[in-house]
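Presented below is the structure to which this report refers.
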Amino acid sequence: MKKVLYISVLILLMALAFYLDESGLITWQPLAMIVAALAAPFRLVWNMINNSEEKIREKHERIRQREKQYQDTLESKIGRRERRIEELDRQLNDLERQVERLEQKRSEVERVVERMNEDELKRAVWKYAGR
């Protein structure tokens, strides 16, 4: 029933606007401004009549629940990402320590190689090559 009422009011308004435009009494731009100016007070009165205190409280409670759920979802995502960042930091630190150990080992090998003479170098190369 409400839909029929809304549609008939809309058709009536469109017919009135068409008549006013065709007769030259008013153009579309001022008519649109008048409709926009009347829409806000009409909406306010309509909501005051149709919305009871309980409906408003229920609506706000649903909104609060959705906000809480959204906030919880965001916090859990942030927590997972922070834990992932911590894990990646630990892995990065482990890799940096391994690189430092390998660099120390390389510098030790370079010092040993520098102290070797030519014959010892040849023997070390043959030993390393497996011959």
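It is to be established whether one or more residues within the range 73-85 are modelled with pLDDT under 85 and of a type in the set (Val, Ile, Thr). No, the range 73-85 contains no residue that is modelled with pLDDT under 85 and of a type in the set (Val, Ile, Thr). Applying a threshold of 8 Å to beta carbon distances and a minimum spacing of six or more residues, or different chains, the list of pairs starting in the range 19-36 at a residue that is part of a loop (DSSP other than H, G, I, E, B) and ending at one that is charged (D, E, K, R) reads 27/21.
Residues in the range 40-73 that are within 21 Å of residue 2 (Cβ to Cβ) and among the β-branched types (Val, Ile, Thr): 45, 49, 56. Residue pairs whose Cβ atoms lie under 9 Å apart, separated by 6 or more positions or on different chains, with the first residue in the range 1-15 and closer than 20 Å to residue 32 by Cβ and in the same structural domain as residue 38 (by TED's automatic domain parsing) and the second at pLDDT below 85 and surrounded by 10 or more Cβ atoms within 10 Å (Cβ to Cβ), are 13/35. Is one or more of the residues making up the range 100-117 surrounded by fewer than 10 Cβ atoms within 10 Å (Cβ to Cβ), among the hydrophobic types (A, V, I, L, M, F, W, C), outside the structural domain of residue 9 (by TED's automatic domain parsing) and in a helix (DSSP H, G or I)? The answer is no; no qualifying residue exists.
The values are calculated or read from the model by the stated rules, or taken from the named source; none is laboratory data. Source: prediction; values computed, not measured. Glycine gets a Cβ as well: all are built from the backbone with ideal geometry, and neighbour counts include every protein chain shown.
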